[in-house]
Amino acid sequence: MKRYSILKVLLSFLIFLVVITLSIQLDTQIDLTPDKRYTLDPIAEQMVRNHDEPIVITVLLEGNIPASFRNYKSYLEYYLSELRRYNRNVEVIYKNPSEGSQEEQEGFKKFLAKRGVSPISRQVSTGDEVSKNLLYPYISIHNDRSIVFVNLLESQSIERGEEEKLLESQLAFESKFLRALKQVYRSELPYVHIVGASARLVSEGYNRDESLSAFRFINSNPNLILSALDSVDAIVSVLNKEALTREELLAIDVAAGAGVPVIWMIDKSNMTVDSLRATGSHLATSQDYQAEDYLFRCGVRIQPELIMDLSSSLIPQVVNDGSSTPQTKMLNYPFHPLILSGKGSRPSTRLSGPLSMYFASPIELLEYPKSVIKESILSTSPYTKTIKVPRMLDFGFMQVAPRPEEYQQGPLSVAVQIEGRVKPYFTN
């Protein structure tokens with residue numbers, strides 16, 4: 001019996017040695033993480049393999065970093081080393097912006113600031129001492145033509161639950177890296193066509209925004225979209241006050257059928273706080289943009305309602321009107337809900353903190369068509385209710401404390417992502 005046990009141990013040891021030897025010779029590694037974060041996406045592998053010119057990646061997360069960032073740093077080093085396995089043209093540089101002479105530091109930090117790269121402050125323990133350090137959680141990808149910076153964090157302001165937020169950022173890193181790689185190594189900037197009544201103002205504003213410098217925004221029209229369909233990378237449809245024309249809808253329908261992603265930015269309600277302040281009351285209505293039937297065929301419906309949410313942003317209100325010394329107080333305004341990432345939304349569409357929306361309408365995900373995948377990417381808090389429009393609104397209800405039992409409608413979707421194929425809206 002004893003001899004059998006010794007043989008069993010020896011056999012197990014021999015199998016272990018064989019596995020280790022083969023893994024070294026074949027240069028293979030096993031990813032045991034449930035989310036496969038240490039396994040390169042096949043798309044990433046293919047993109048890197050196909051590059052003949054050097055891919056220069058600079059890591060700025062260097063120096064004395066907090067313990068909470070070290071796992072992320074280790075993952076980053078591993079990921080970049082995996083890229084080098086597939087293409088020896090990948091060059092990785094580790095640079096600490098706080099090293100070098102004072103003049104070199106200031107010059108480099110100004111260079112980063114002009115490109116929207118700003119540091120975060122974190123406490124770092126060194127022995128018995130605790131100090132505050134400036135960290136640059138970024139990498140850059142560049143060639144002779146352009147440079148793109150990738151923010152390693154989902155937000156610049158990670159305070160609560162830092163390790164959990166860093167893990168979310170780590171899971172979202174690869175998709176952000178691949179987008180940046182595409183931007184750097186394409187021959188020209190992606191063309192984003194903007195249509196709608198506010199297209200000119202929106203495109204001009206986006207083109208002035210340095211954080212969006214990786215894209216070229218065009219004040220577009222149906223003829224331009226259809227004549228240059230092969231070079232259209234995305235379409236943004238801005239619907240605010242004025243309806244979409246049939247020609248614009250036709251161009252969007254044709255482009256979507258050709259696989260061009262379309263972003264719909266729809267202000268369903270006519271309400272603003274300024275319209276209320278001007279007269280003290282205003283008739284809230286739901287606007288028809290001639291796109292509702294098209295979106296219904298895609299599997300979504302914007303309800304003719306307004307959301308009221310106990311989790312909302314603040315607006316100033318006079319609390320002792322008529323007094324000789326009127327006072328202003330910041331109060332929660334239920335029509336300005338604080339929006340969170342939808343349940344189960346993809347890492348690339350997640351918010352790291354709440355986003356304030358004004359007079360939002362809920363979006364219903366329909367069961368049909370089955371060929372379209374529909375998911376909520378932004379939603380309200382669970383403490384909501386809706387009101388039907390048209391309806392006269394004023395500030396009078398803010399004089400009474402809200403009753404929580406009335407706000408039990410649950411999380412409501414305010415932004416959704418749909419993916420799949422539907423029948424063309426226009427035929428013949």
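The values are calculated or read from the model by the stated rules, or taken from the named source; none is laboratory data. A quick note: this is a predicted structure, and the numbers were derived from the prediction, not measured. Quick reminder, even Gly has a Cβ in these numbers, built from the backbone with ideal geometry, and neighbours come from all protein chains shown. Surface accessibility is based on the protein's heavy atoms, side chains included, excluding ligands, DNA and RNA. Shrake-Rupley method; radii C 1.70, N 1.55, O 1.52, S 1.80 Å.
The string of couplings for the range 297-303 from the Karplus curve (6.51, -1.76, 1.60, θ = phi - 60°) is 5, 7, x, 10, 9, 8, 6 Hz, one whole number per residue in order, with x for Gly and Pro.
Summing +1 for each Lys or Arg and -1 for each Asp or Glu, what net charge is found among the other residues whose Cβ lies under 11 Å from the Cβ of Gln409?
That sum, taken over residues with Cβ under 11 Å, equals -2.
A quarter of the convex hull surface defined by the alpha-carbon atoms of the range 72-227 gives 13.3 nm² as the mean projection.
The length gained by stretching the chain between Glu162 and Ala401 to full extension, at 0.36 nm per residue less their Cα-Cα distance, is 82.6 nm. What the range 213-268 shows is 51 Å² of accessible area per residue, with the surface traced by a 1.4 Å probe over protein heavy atoms. Taking a sphere under 14 Å around the Cβ of Glu106 and counting the other residues whose Cβ falls inside, with K and R at +1 and D and E at -1, yields a net charge of 0.
Model label points for Arg115 and Thr245, set 7 angstrom from Cα along the Cα-to-Cβ axis, are 4.0 nm apart. Pairs exceeding 32 Å between alpha-carbon atoms, taken from Lys73/Lys182; Lys176/Lys370; Lys176/Lys329; Lys176/Lys385; Lys114/Lys374: Lys176/Lys329; Lys176/Lys385; Lys114/Lys374.
Can you tell me the FRET efficiency between Tyr191 and Tyr94 if r is taken as the Cβ-Cβ distance and R0 is 25 Å, rounded to the nearest 0.05? So, using R0 = 25 Å, E works out to roughly 0.10.
Couplings for the range 226-234, taken from phi via the Karplus curve 6.51 cos²θ - 1.76 cosθ + 1.60 with θ = phi - 60°, read 6, 7, 10, 4, 5, 9, 7, 8, 6 Hz in order; Gly and Pro are left as x.
Full extension of the segment from Leu314 to Arg421, taken as 0.36 nm per residue of separation minus the current Cα-Cα distance, would add 34.4 nm. Here the Karplus curve 6.51 cos²θ - 1.76 cosθ + 1.60, taken at θ = phi - 60°, turns the phi angles of the range 112-118 into couplings of 5, 4, 5, 9, x, 9, 10 Hz, with x standing for Gly and Pro.
Once backbone amide H atoms are built at 1.01 Å from N, Val90 has Ile55 as its partners under 5 Å, excluding neighbours fewer than 5 places away on the same chain. FRET efficiency for the pair Asn428 and Leu229, taken as 1/(1 + (r/R0)^6) with r the Cβ-Cβ distance and R0 = 25 Å, rounds to 0.85. FRET efficiency for the pair Arg216 and Leu14, taken as 1/(1 + (r/R0)^6) with r the Cβ-Cβ distance and R0 = 60 Å, rounds to 0.45. Here the label points at Arg49 and Glu367, each 7 Å from Cα along the C-beta direction, are separated by 4.4 nm in the simple model.
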